[in-house]
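Remarks on the structure that follows.
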Amino acid sequence: MIHFYNTINRKLEIFTPLEDKKVKLYTCGPTVYNFAHIGNLRAYMFEDLLRRFLEFSGYDVHHVMNITDIDDKTIRRSMESGETLEIFTEKYTQAFFNDLDTLNIRRAHNYPRATEFITQMIDTIKVLIDKGFAYSSDDGSVFFKVSKFLAYGKLANINPDDMRVGSRVENDEYEKEEVRDFALWKGKKDGEGDIHWDSPWGRGRPGWHIECSVMSTHYLGSHFDIHCGGVDNIFPHHENEIAQSCAATGDAFVNYWLHNEHLLVDGQKMSKSENNFYTLRDLLDKGMSPEAIRYTLLITHYRQKLNFTFDKIKASQKAINRLRELNRRLNNISLESGEDISKMTNLMLQNFNDRLADDLNISGALGEVFIWVNKLFALIDKQKLSAESAQSGIKAFKKIDEILGVIELIDEPLSEDIDQLIVDRKQARADKNWALADEIRDKLDGLNIILEDTPQGTIWKKKT
RNA sequence: GGCGUCGUGGCCAAGCGGUAAGGCAGCGGUCUGCAAAACCGCCAUGCACCAGUUCGAAUCUGGUCGACGCCUCCA
């Protein structure tokens, strides 16, 4: 039985999809005006864990993620760069996809761009006006009338009457009846170039919240299972989505709201406005491996703040190396008899699954894996693991890696030069010419190749 | 001001009323020509603090201190 913490009810709930064995999942995607930083990527990592666990559990998941290519930032930045909105945002959209691939994040089934859904957004806004949930203003904008939607504030647990005027509201240049009302459509303003579309209210562009309401409903229907995003989206974004969607369709919209906590740097939220962020490329350029970054973002529970440090990346790499070392050894066992490990392997897999079923407790799940890993290493060391058992261990590893996605390793073929050096060293060792043997080992070390002398011969690994 | 989240060993982290998983680092040993990897052993009488409930509390309740987030377009 799977449990998730549902933000809207503030408690753990049993997960029951609307349709048996099928899950309709919508996750808030990037605004493509810049490269994603690893705080942004943590959200997508969490969603990848959720997606992988649902699939691991036998669900057929339909995953949709939006690409926000029209908002204040994409407009401003594209104009500054002198590129059209389309060319500008496409560049960062592709960079985003590259990041996903680098981190071994499973691709969503649909990536709708906001600019592809302008017509549908206008249609929905018309419905909201017809039903009395929205009104247009003199400057050609349309606002959602929060006072008309009685359930407003349920997700964020706020009383709309208490909403105070913050600094951001004062900056709002649009004409609305009440401060808490939010824009569905923004009338054309100076300084936005030719980035606007025709609408019944004149030229303009959509507000931010409406795109998610329209695009999620387009692909998943007016009532679907899970909607994810960072905690900062709870209010106002998701609260507004609920208001728009429920008001427009009269349906329930979303059953489970899952939100991930932030990634911190030096104890502070990583954000572009604070300029304290790292992009994935920054970390790769510092020599960190994609799998170590993936592991680091993955292993802290998604509702826990994650303080990012380079030490964590190093510790992650070491942990992955240990998993991979066991996997490698299992692949090289030829003993005919040994202890039966099926019981402890099944127990590990069961515990692994149970931990994840408990609101994606990945740290607990990893703990179960390492208990098993330690036992297997001990058996291998005592020559008590048969080839048959090793094969079942490898199978279990594959199962685990459906979630972790960090063990599979593509070994690059050795160049013949390196191959020859290893042969030369073997001869030097046979001749007890330790000086030459060490010289060769140091030379390979410089080429990022580490040698290990085992009873079965010398093996090499890439340095990590 | 309102609404929340969190404080567990040197670092990270599980734990959800029954006596502190796991990872990283460190220390001692085995193996090795020396290493590396792996193995064996050691590493929190205590979970921010103070009260309380209970046979029993890291876990529940109240309070104190500290950190962080959201409060109109940030993942």
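The values are calculated or read from the model by the stated rules, or taken from the named source; none is laboratory data. Model, not experiment: these values are computed from the prediction. A quick note on method: Cβ atoms are made from the backbone with ideal geometry, for glycine too, and the neighbour counts reach across all protein chains shown.
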Scanning for something closer than 22 Å to A:Asn332 by Cα, in contact (Cβ under 8 Å) with a residue 12 or more places away in the chain, among the polar types (S, T, N, Q) and touching a Leu at 6+ places or on another chain (Cβ under 8 Å), does the stretch A:441-460 turn up at least one residue? yes
Go through (1) at pLDDT 90 or above; (2) more than 16 Å from A:Ile242 (Cβ to Cβ) one by one and return the number of the condition A:Leu184 breaks. (2)
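Based on this model, can you work out whether A:Ile75 counts as at pLDDT below 95 and farther than 24 Å from A:Val231 by Cβ? Full working, then the answer.
Working: at pLDDT below 95: yes; farther than 24 Å from A:Val231 by Cβ: yes.
Answer is yes for this residue.
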Look through the stretch A:243-273, keep the residues that are within 13 Å of A:Phe308 (Cβ to Cβ) and of a type in the set (D, E, K, R), and return whichever of them is farthest from RNA strand B (Cβ to nearest atom). A:Asp266
Within the stretch A:65-112, how many residues turn out to be over 13 Å from the mean Cα position of the chain (by Cα) and among the aliphatic types (A, V, I, L, M)? 7
Report, by residue number, each residue of the stretch A:4-60 that is in a loop (DSSP other than H, G, I, E, B) and more than 13 Å from RNA strand B (Cβ to nearest atom). A:Phe15, A:Thr16, A:Pro17, A:Leu18, A:Asp20, A:Lys21, A:Ser57, A:Gly58, A:Tyr59
Taking into account only those residues within the stretch A:267-280 that are touching a residue at least 40 places away in the same chain (Cβ under 8 Å) and surrounded by fewer than 19 Cβ atoms within 10 Å (Cβ to Cβ), which is farthest from A:His37 (Cα to Cα)? A:Gly267
